[in-house]
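The values are calculated or read from the model by the stated rules, or taken from the named source; none is laboratory data. Predicted, not measured: the structure shown is a model, and the values here were computed from it. Cβ atoms come from the backbone with ideal geometry, glycine included; neighbour counts cover every protein chain shown. Areas reflect the complete protein model, heavy atoms only, side chains present, ligands, DNA and RNA absent. Shrake-Rupley method; radii C 1.70, N 1.55, O 1.52, S 1.80 Å.
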Amino acid sequence: MTSTAQAGHMLERARWAAAAYADYDAAAVSTIVDAVAEAGYAEAERFATEAVVETGMGVAADKVTKNRACSRGIVDYYRGEDFVSPRLDEARKIVELPRPAGVVLALTPTTNPVATVYFKTILALMTRNAVVIAPHPRAKRCSADAARVLAEAAVAAGAPDGIVQVVEEPSIPLVQALMGDERTDVIVATGGTGVVRAAYSSGNPALGVGPGNVPVFVDASADITAAAKHIVNSKAFDNSVLCTNESVLIAEEAIADKLRGALTRAGAHILDEDGARRLRAYMFTEGHLNTDVVGRDAAWIAGQAGLRVTPKTKVLIAPFDDVIAEEMLAHEKLSPVLGMTTAADAARGIRAARAVVRIGGAGHSAAIHSENPSVITDFAAQVPVLRVSVNVGNSTGSSGLDTNLAPSMTIGTGFVGRSSIGENLQPQNLINWARIAYNSDAGVPMGNFAGINPWHAPAGPVPEYPRASNDRNGMPSGTRPVPRSSHPTRSTDLGLDALRAELRALVAEELAQLIKR
């Protein structure tokens with residue numbers, strides 16, 4: 001089967017499921033979302049281990065934390081919020097009806113595979129969208145396994161057949177076909193710059209993120225011991241595969257020596273000038289990051305660079321002088337390696353942080369450890385990022401796991417970061433609101449919309465995808481989802497006539513896709 005035809009089959013099924021699901025009411029959606037979250041939570045440990053084994057990246061225990069946060073944690077965070085029911089504003093004489101995107105194509109990365117599958121699936125289901133997951137090839141097995149568990153839980157709880165699908169064997173042609181197909185309503189892209197740019201160039205709406213390169217500034221007013229612990233634990237969390245991990249540490253000179261001692265006690269190993277040179281040479285061959293280090297632990301990286309550290313070393317800290325583009329230690333590293341430099345005062349420290357972000361990470365995130373609100377405000381105002389974590393590790397701070405920001409595996413970088421969103425991806429990013437607006441003249445009455453809701457709980461068995469269709473809009477006009485019990489020939493033993501009809505429909509769809517090419 002060609003990539004175009006395979007994409008077409010998946011998107012037709014997703015489009016049908018999205019159309020059926022768009023009629024569900026808030027109670028039905030909540031039941032499905034809760035079931036999916038609990039299914040993901042129950043398998044958090046298994047999938048964390050599978051992800052580490054398959055990708056060779058990260059720490060299983062930390063992936064368990066992320067998997068739990070992106071299943072039950074996400075649902076608990078949005079508990080009580082309604083993305084389904086109409087909203088009535090009598091004062092402004094406006095009624096708002098949520099309009100789901102439809103079919104969400106979710107591109108997921110190798111660094112945070114299962115957590116991102118959980119996260120994007122649950123957000124799509126909260127907003128009555130269908131989701132097609134396209135995992136990174138290096139994480140396809142664990143991603144597909146996770147997606148199947150969520151899909152089965154969704155259908156068992158009453159969702160339409162095909163509401164969650166996954167690309168079992170991802171390839172560039174197949175993903176390109178999915179991205180460029182007009183039946184894809186929105187692409188949510190998490191991954192490298194190339195993936196995000198491809199999504200934006202697809203011709204379909206896309207929500208993408210920019211790369212991180214997080215500066216962390218410790219000023220003279222900070223609690224040095226607490227700052228050191230937060231920085232080391234954050235940098236070691238899942239071996240720094242989160243794009244929110246700290247990349248360059250900037251210390252005010254007055255406290256730099258004290259901070260170095262606290263970092264060492266917290267589990268970091270601070271390299272001398274020769275060690276930093278050797279590490280730089282290993283990690284950045286020909287001016288580019290050696291991807292072998294991504295998600296590997298500090299002791300392994302040190303050994304590969306010919307350096308001796310204890311097996312318990314959590315983080316390698318490599319000192320350097322100037323924050324300039326030519327200094328490779330000032331670039332993103334996605335590993336428990338932290339560049340470190342000093343600044344004479346807070347003003348120069350803020351300028352250094354600005355320089356880090358100019359090298360990479362515009363719009364993403366930054367961190368500061370300080371007890372001085374004036375310095376914190378200046379830092380946030382001058383460093384061109386859209387989230388600043390204060391006195392907390394940035395890996396879990398800017399991703400919303402240890403702050404009250406929206407918990408997210410997709411970090412928008414806004415206009416400055418060439419992203420279509422500037423916030424942590426949230427359910428409201430996957431819906432639009434149709435607005436019924438009355439004449440604003442106080443003398444013109446507004447109708448009584450109290451209690452009116454066009455959505456309803458599905459009646460009877462779970463709607464099942466009735467057939468493959470070469471109709472561009474899914475099912476023929478006017479056709480309603482047919483309950484499974486109403487199909488006289490559809491059962492575990494399909495009747496011969498029904499099987500022939502389905503095969504004819506599949507052949508017709510593939511021919512139609514080939515003609516379009």
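Is it true that residue 423 is open to solvent by 10 Å² or more (accessible area, probe 1.4 Å), under 29 Å from residue 280 (Cα atoms) and acidic (Asp, Glu)? It is false that residue 423 is open to solvent by 10 Å² or more (accessible area, probe 1.4 Å), under 29 Å from residue 280 (Cα atoms) and acidic (Asp, Glu). Among the residues of region 264-278, is any of a type in the set (Gly, Ala, Ser), open to solvent by 10 Å² or more (accessible area, probe 1.4 Å), on the phi > 0 side of the Ramachandran plot and out of contact with any Pro (no Cβ under 9 Å at 6 or more places or on another chain)? Scanning region 264-278 turns up at least one residue that is of a type in the set (Gly, Ala, Ser), open to solvent by 10 Å² or more (accessible area, probe 1.4 Å), on the phi > 0 side of the Ramachandran plot and out of contact with any Pro (no Cβ under 9 Å at 6 or more places or on another chain).
I'm trying to understand the selection: among the residues of region 313-331, which are open to solvent by 40 Å² or more (accessible area, probe 1.4 Å) and out of contact with any helix residue (DSSP H, G or I) (no Cβ under 8 Å at 6 or more places or on another chain)? Answer for region 313-331, where residues must be open to solvent by 40 Å² or more (accessible area, probe 1.4 Å) and out of contact with any helix residue (DSSP H, G or I) (no Cβ under 8 Å at 6 or more places or on another chain): 321, 322, 326. Remark: pairs (first residue in region 157-179, touching a residue at least 40 places away in the same chain (Cβ under 8 Å); second residue in a loop (DSSP other than H, G, I, E, B) and among the aromatic types (Phe, Trp, Tyr); Cβ separation under 6 Å; 6+ apart in sequence or on different chains) = 161/465; 162/465.
Applying the criterion of being among the small types (Gly, Ala, Ser) and out of contact with any helix residue (DSSP H, G or I) (no Cβ under 6 Å at 6 or more places or on another chain) to the residues of region 214-229, the residue that is surrounded by the fewest Cβ atoms within 10 Å (Cβ to Cβ) is 226.
Could you look through region 182-205, keep only residues that are outside any helix (DSSP H, G or I), over 21 Å from residue 142 (Cα atoms) and open to solvent by 20 Å² or more (accessible area, probe 1.4 Å), and pick out the one that is modelled with the highest pLDDT? Top of the filtered list is 185. Figure legend. Inter-residue proximity from region 322-333: first residues over 14 Å from residue 349 (Cα atoms) and among the polar types (S, T, N, Q), second residues assigned to a loop (DSSP other than H, G, I, E, B) and open to solvent by 30 Å² or more (accessible area, probe 1.4 Å), beta-carbon distance below 9 Å, spacing 6+ or different chains. No pairs are indicated. The set of residues from region 362-391 being more than 16 Å from residue 352 (Cβ to Cβ), touching a helix residue (DSSP H, G or I) at 6+ places or on another chain (Cβ under 8 Å) and open to solvent by 20 Å² or more (accessible area, probe 1.4 Å) comprises 372, 390, 391. State which residue is surrounded by the most Cβ atoms within 10 Å (Cβ to Cβ) when the search covers only region 23-56 and only residues that are of a type in the set (Val, Ile, Thr) and within 30 Å of residue 298 (Cα to Cα). Residue satisfying both the conditions and the ranking: 55. Flag: residue 118 does not match the condition of being surrounded by fewer than 24 Cβ atoms within 10 Å (Cβ to Cβ) and among the aromatic types (Phe, Trp, Tyr).
To keep it simple, each residue is scored yes or no on (1) part of a strand (DSSP E or B); (2) open to solvent by 50 Å² or more (accessible area, probe 1.4 Å).
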| site | (1), (2) |
| --- | --- |
| 212 | no, no |
| 231 | no, no |
| 248 | yes, no |
| 258 | no, yes |
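Residue-level analysis places residue 175 among those that are open to solvent by 20 Å² or more (accessible area, probe 1.4 Å) and assigned to a helix (DSSP H, G or I).
Against the list (1) in a helix (DSSP H, G or I); (2) open to solvent by less than 20 Å² (accessible area, probe 1.4 Å), the condition residue 162 fails is (1).
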